[in-house]
Structure formats: structure tokens, C-alpha cells
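The next block holds one structure in the form of C-alpha cells; read it before the comments.
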Amino acid sequence: MQSNKFLRLFFFLSMPLLFWACDNNELEDELEDEFEFQHVVSYEFLDSISSEEISARFGENNPASGFINFDITAHKITYMTENYDGTEVEASGLILIPIVSGSSKLTSFQHSTLAKDPNPEIDQESRAPSYLSVDNAEIHLSASLFAANGYMISAPDYIGYGSTKDMFHPYEHAQTTATTSYDMLVAAREYAEFLDVKIRTDNDTEEEELYLLGYSQGGNSTMALHKYIEENHSDVFTITRSAMGAGAYHKSAVGDYIFNYEGDLGFSISLYLWVMDTYDRVYLQRGMDYYLQEPYASEVKNNGYFALSNTNPQEIFTEEFIAEVNDPNSEFSLALADNDIHDWKAEAPIKLYHHENDQLVPYFNSVDAYNNMTDNGSTEVLFETYTFTNVSPEEIHGAAGGNFFADVISLYFRSGI
């Protein structure tokens, strides 16, 4: 069983109403005296969730029930990481721990896009992982399912959410995404050590197993994290497998596709404005007027990215900016290229997932990643193309996400297929 230290901590922290007169801090102080944190700044027990409750979330006769084997506990931690401007910030994230008799599989779970917007009806701050919101299906369903199957989940909020909610979120800036997720993972492993939660090791190498996964923005974040670990911290973590779905890995090609598109894209351009604004803040600092024609520049500056309803790039963007996109040596093109994460050699196995008719994140992102990474001699890159046609075009991206999480837990993480 898990150690007495963990059971005592869980007992005291999860039953505050029954033991409100007891000095829980005394027990925590005793435990902390035995352990000196290097990475975790603060921690908070959030909830204990039974396997029966998780199963009920999926409804009756759902295949997911076959993967729900353990109760889980939920915790929020904060830790230090570096923002895009080089400043140190105290970021936050969620940890889900399965109550198992043996070891847990350490897993970094990168979430998909959560809107940041001045309009509270659009803003999704409350869905960041550490809030443990029922409105975030990725956490409430998918991450909880993985945890109940024996995976210890490390889910960073990302900078701009949770403890850093008042900060700008550097949307799909590869370096910041990678370091924020990596530092959370390091802190999560330290927190597991503090609670005497055992991490599963490979039978042959005795190295700790590590799994990475994420869909959409989470797919991009997972690719960035995988690359960052292998290129900078292979002595700290050895990745077992990574699964990433529908990520925008080839930013240069995406920029060419979106900003040069003629006619209506057929979907909101808001997320691409966010990426554009991120790269401007990180690399260029020109301001929205350089990129957008009026009245669109004022609309976005006053009301946020999601206020823009026009989906015709040739009417939205300035000629000067589009010309720069088409110059591979321009400052903005170099910023896009700095965030390309589709063309490198991976040592650990990767599986890509993407629907061929995805409108929001073009399919060529995964095609390009598969071809380039395979050509570079990556150990193993698999590619699953979804082709289902029973949903409307605008719902394909979201529907494929459901397939992604089901396929990863049932096939890829379990059997490598």
C-alpha cells in the first residue's frame, strides 16, 4: 500500500469538517520537517474522487468503465518557472494521484486551448486544470480516466491561468510552453516523493516511466515538451511514449496558409490572432496596428481576439504584414520558424493523431511532422488518420479529440499501437 505518511496526510487533509479542532498544520509541519522541497512552492489537497464517481461521469454501459480501476486524489501545486520575458513566475497546476497498491505511471497532460477574454461569457479561466472544474471535459473526464487507470497526472495550468491568471498567456510559444510543462513535471515528481507515491520503472532499465499526451494546443505543447526534454534534460527524464493530437507543429506553413488565404476561412480567426500577438510580444513589439487593418485593429484592442467576426484574412491583415509573411527572411517569418517543432529527431516513440478534414488545425501539420521526423531517423513515429464523416465539418476537431483520448488509453499507452 501507499506509505503511512501519505495515508496520514490524505486522512487529515480530506476530512477538515470532522477534525476542524485538530491542528492539521502540526502534522504537515512534521511531514515537511522530514522533506525539503526544492521545486514545489506550495501544495493544496483539493478532493478525493472514487472510482464509482468517475465511472458515473461516463454514464451507464460506457466502455470507459473497463479502465476505471482506482480511486484518485486531486492536488494543486505551485512552482517556479520562467516566463517568455525571462522573469520568474509562480505557476500552478493540477496533480491527480491514483490510490494504487504498487506504482503509478508518471504522465504529463497538456490541456487544449482555454479562451482568455475580457468578456466573462467567453473567458475560460475557471476551466484551467487546477480549478478541477466539471466544465473542463479534458480534466473532468479524460485526465480523471487516465488517473483512475493508474496514471499519475501532472497537468500544468500554463502561464496566464491559475496562479498567474493576471498575466498574458504566451499562446503556443514553444519555449515557454515546454519549460512551463517541464518545471511542473519536475515539481510533480518531487511532490510524489514527498507523499511516498511510487513511480513505475521500466523492468529492464529500472528508469522511471514517463508518458506525455495532449490534444490541439495540448498536442503542440506535448511536442514542444518532448523535444525540450530530449534536447536538454535526457539525464532527468526518459520518455516512454508520447501521444499528440491535432497540434499546429509547423507554424511557418500554418502562417502561410492562414495569412495568405483568399476568401472566408469558414472558422474564427481568433486563435491565430492570439498566436500572432504572442509572437509580436515575444519577438517584435510592434502592436496590433501593424498587423490589422481598421476597424479590426481597434476591435481587437478594445474587445479581445474573439470579438472579430470577419474570417477573410485579406480584409483583416495589412498588406505590409502579409508581405512580411511571404518573405522567409523577415522578422515575423523568423519568429514563426523559431516555433516550428515538426522537423527534428525523436529518440522516444511518438504517435500522432489528426482528422484529415480538420478545419481548425490543418491536417498538414501532422503529415509534415510525420514525414520530417521519420526522415530524420526518429526511433518510432506512428500516425493515425481519422476519417469519420458522421459529424459536421465545424465539429470535426472536437470530435476527433474524444477519439484521441480513447485510443491513447486503450491502445497506444497500453500496447504501443
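Some notes on this structure:
- Dipole of the chain, positive direction: furthest Cα of THR87, ALA187, MET276, with charges on the beta-carbon: ALA187
- Full-stretch length increase - SER298, ASP123 - with 0.36 nm per residue and alpha-carbon distance subtracted: 61.0 nm
- For PHE317, nonlocal amide neighbours, meaning residues 5 or more places apart or on other chains whose placed amide H falls under 5 Å from its own, are GLN293.
- Charged side chains reduced to their Cβ positions (Lys and Arg at +1, Asp and Glu at -1) give region 167-310 a dipole of some 420 debye around its Cα centre.
- Helix 396-407 and the longest principal axis of the C-alpha atoms of the chain enclose an angle of approximately 30°.
- Dipole of region 252-338, positive end: most advanced residue of PRO328, GLY287, GLY304 [Cβ charges, Cα centre]: GLY304
- A dipole drawn for the chain from +1 and -1 charges on Cβ atoms has a positive end, and of GLY247, SER392, PHE168 the residue lying farthest that way is SER392.
- Each Lys or Arg adds one and each Asp or Glu subtracts one; over the other residues with Cβ under 14 Å from the Cβ of ASN119, this totals -4.
- Nearest-0.05 FRET efficiency for SER101 and VAL41, computed from C-beta distance (R0 25 Å): 0.20
- Length gained when the stretch PHE267-ASP166 is fully extended (0.36 nm per residue, less Cα-Cα span): 33.6 nm
- Förster radius 22 Å - calculated FRET efficiency between GLU347 and THR385 (Cβ-Cβ, nearest 0.05): 0.35
- On full extension, the segment bounded by SER309 and GLU331 gains 5.2 nm, given 0.36 nm per residue less the C-alpha separation.
- A cut-off under 13 angstrom between Cβ atoms defines the neighbours of VAL282, and their net charge, with Lys, Arg +1 and Asp, Glu -1, is -4.
- Loop GluC sites (Glu not before Pro), region 188-220, which have at most 10 other Cβ atoms in a 10 Å radius of their Cβ (DSSP): GLU206
- Here the chain is treated as a Stokes sphere of Kirkwood radius computed over C-alpha pairs; at 10 °C and 1.306 mPa s its diffusion coefficient rounds to 71 µm²/s.
- For the chain, the dipole from Cβ point charges (+1 on Lys and Arg, -1 on Asp and Glu) about the Cα centre works out to 980 debye, to the nearest 20.
- Dipole magnitude of region 252-338 about its Cα centre (Cβ charges: Lys, Arg +1; Asp, Glu -1), debye to nearest 20: 320 debye
- Modelled spin labels at GLU231 and ASN69, positioned 7 Å past Cα toward Cβ, are 3.6 nm from each other.
- Rounded FRET efficiency, nearest 0.05, which uses the C-beta distance separating ILE417 from ASN357 and R0 of 25 Å: 0.55
- Amide N proximity, region 82-105 versus GLN285 label position 7 Å along Cα-to-Cβ, cut-off under 17 Å: 83-88
- For region 228-262, GluC sites (Glu not before Pro) meeting the loop criterion (DSSP other than H, G, I, E, B) and having at most 10 other Cβ atoms within 10 Å: GLU262.
- Subset of LYS116/LYS345; LYS198/LYS351; LYS301/LYS345; LYS251/LYS351; LYS76/LYS301; LYS116/LYS251 violating a 29 Å alpha-carbon distance limit: LYS116/LYS345; LYS301/LYS345; LYS76/LYS301
- Taking the number of Cβ atoms within 10 Å of each Cβ as an exposure proxy, the fewest-first ranking of THR238, THR201 is THR201, THR238.
No lab work stands behind these numbers, since they all come straight from the coordinates. Computed from a prediction, not measured in an experiment: that's the story for all the values here. Every residue, glycine among them, receives a Cβ derived from its backbone with ideal geometry; neighbour counts consider all protein chains shown.
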